[in-house]
Amino acid sequence: AFHRIVWETSGNQRLLHMAEMLMGQVRLLISTSAEVEGRLPASMAEHEGILSDVERGDVDSAERHMRDHVRNAGTALLAYLGAELSLPGGDGQAPEDT
């Protein structure tokens, strides 16, 4: 809901259209990166910082915080995927019959 509100209130119809097309991927990113320990509270704090910037009208800070938020979510996703790949059978290969 947070992301949708940001997109809708931006007044940028192209952004909203692109975001709606990508929403499924964004949901996947959110749900998988949230599996990384500590990511959910960190994400909430990032959202609060972005919202505070927007409320103050500090566009530069909001952009910086948004870029950090996306980068942090991507890093968490990579950590999650790396952990999944390191589990037995997590190499993308079918398990061998024994």
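Some observations on this one:
- For Cα Rg over 2.2 N^0.38 Å, the value calculated from this model appears in (i) 1.14; (ii) 1.29; (iii) 1.34 under label (iii).
- Residue-span extension gain [residue 67 to residue 37] - 0.36 nm each, minus C-alpha spacing: 8.7 nm
- Electrostatic dipole magnitude of the chain [Cβ: Lys, Arg +1; Asp, Glu -1; Cα centre; debye, to 20]: 340
- The stretch between residue 27 and residue 59, if pulled fully straight at 0.36 nm per residue, gains 9.0 nm over its current Cα-Cα span.
- Exposed loop positions in the chain were taken to be GluC sites (Glu not before Pro) whose DSSP state is not H, G, I, E or B and which have at most 16 other beta-carbon atoms within 10 angstrom. Between these positions, the longest stretch is 38-95.
- What separates the Cα centres of the range 42-60 and the range 11-40 is a distance of 17 Å.
- Modelled spin-label separation between residue 52 and residue 12, with each label point placed 7 Å from Cα along the Cα-to-Cβ direction: 2.3 nm.
- Derived scalar couplings between HN and Hα for the range 55-60 equal 4, 7, x, 8, 5, 5 Hz in order, rounded to whole Hz, by the Karplus curve 6.51 cos²θ - 1.76 cosθ + 1.60 (θ = phi - 60°), x for Gly and Pro.
- In this label model, residue 20 and residue 81 are separated by 2.8 nm, measuring between points 7 Å along each Cα→Cβ vector.
No lab work stands behind these numbers, since they all come straight from the coordinates. Note that the structure is predicted; figures quoted are calculated from it, not measured. As a convention, Cβ positions derive from the backbone with ideal geometry for all residues, glycine included, and neighbour counts pool all protein chains shown.
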